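Notes to accompany the following structure.
The values are calculated or read from the model by the stated rules, or taken from the named source; none is laboratory data. This is a predicted model, so every value here is computed, not measured. Cβ: placed from backbone, ideal geometry, glycine included. Neighbour counts: every protein chain shown.
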Amino acid sequence: MPEDHDKLLEAVLQIARAAGAAILEIYAADFTVETKADHSPLTAADRAAHELILRELGQLTPDIPVWSEESADIPYAERRGWPRLWLVDPLDGTKEFIKRNGEFTVNIALIDGHRPVLGVVHVPAQARSYLAAAGTGAFVDDGDGRRPIRVQRPAAEPVRVVGSRSHRGASLDRYLECLGPHLLVPMGSSLKLCLVASGDADVYPRLGPTSEWDTAAAQAVVESAGGHVVDLDGRALQYNTKPAPLNPYFIVYGDDSRDWLACAR
């Protein structure tokens, strides 16, 4: 598979862009919002993107199963035997979609041995994509063409901290107080990780719940850009290792000369 990463990455980018186009059609019109069993919002855009991605990945790699947020109920007894899988969030940042602020993404990751080895994070409203694969590097692709991205080393002063627009809490406030002088960069969806990957932010402390499909694609980008996505014990996030899809709390950072975990403990 590694030797095919370049070709596979291009194909997945096109799938993510097609899903983004389907999302934008609904974004431009009136749409209704439903509530899922976990009380999270759901729109026709989530469904349309899910169905498109499921179909296209099935044609691209029929031997690799797909686990999507919109097919989250696949039993772990079935998933645990998958050596590789596609992990997909068809519309990450549904709350941002509903607010119409443009900060929502299409996330597609290839998981191999519980680690993300390829990822595409497409931003439909901005016509921008972040993409990476193990051994090929990390890139941003937008109206100015494709260019490589790297994390910022050393971190800026004051430190640029990216945080959630929709999920800020007391734990983040405590982290920021401990961190000292900083600039807070509010952002939605998996774009928070991508800002660290591109060097536009230094750290993203996520001290609240997320699911595996929220982070996998962007983690591939961060790691290929030289950064880290680790739990509060310093271990890289892994995927499809347990029945529930919830991630542990985690920190995303680029400059590894600093102890970014100290303020989270």
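In summary, strands (runs of 3 or more DSSP E) completely within the stretch 131-194 and bearing 2 or more residues that are under 15 Å from GLY227 (Cα atoms) occur at 137-142, 159-164.
If you go through the stretch 169-184 one residue at a time, do you hit one that is more than 26 Å from GLU69 (Cα to Cα) and among the aromatic types (Phe, Trp, Tyr)? Yes, the stretch 169-184 has at least one match. Of the residues making up the stretch 40-54, those that are at pLDDT 90 or above and surrounded by 21 or more Cβ atoms within 10 Å (Cβ to Cβ) number 3. Scoring GLY102 on the criteria (1) free of Cβ contacts under 8 Å to residues at least 40 places away in the same chain; (2) touching a helix residue (DSSP H, G or I) at 6+ places or on another chain (Cβ under 7 Å); (3) of a type outside the set (S, T, N, Q); (4) farther than 28 Å from ALA18 by Cβ leaves a single failure, condition (4). It is to be established whether one or more residues within the stretch 165-187 are modelled with pLDDT of 95 or more and β-branched (Val, Ile, Thr). No, there is no match, as no residue in the stretch 165-187 is modelled with pLDDT of 95 or more and β-branched (Val, Ile, Thr).
Among the residues of the stretch 210-228, those identified as closer than 15 Å to SER189 by Cβ and out of contact with any Pro (no Cβ under 6 Å at 6 or more places or on another chain) are THR210, TRP213, ASP214, THR215, ALA217, ALA218, VAL221, VAL222. Among residues that are over 18 Å from THR105 (Cα atoms), in a strand (DSSP E or B) and either modelled with pLDDT under 95 or not polar (S, T, N, Q) (or both), LEU85 is included.
Here VAL159 passes the criteria (1) under 19 Å from GLY102 (Cβ atoms); (2) surrounded by 20 or more Cβ atoms within 10 Å (Cβ to Cβ); (3) not small (Gly, Ala, Ser) except the one numbered (1). Each residue in the stretch 245-260 was checked for being of a type outside the set (Gly, Ala, Ser), under 20 Å from VAL159 (Cα atoms) and not in a strand (DSSP E or B), and 5 pass. Considering ALA218, ALA201, the condition of being buried (at least 24 other Cβ atoms within 10 Å of the Cβ), among the small types (Gly, Ala, Ser) and farther than 20 Å from LEU9 by Cβ is satisfied by ALA201 alone.
When the stretch 93-108 is examined, which residues are found to be in contact with an Asp or Glu (Cβ under 6 Å, 6 or more places away or on another chain), buried (at least 24 other Cβ atoms within 10 Å of the Cβ) and not in a loop (DSSP other than H, G, I, E, B)? Scanning the stretch 93-108 gives THR105, ASN107.
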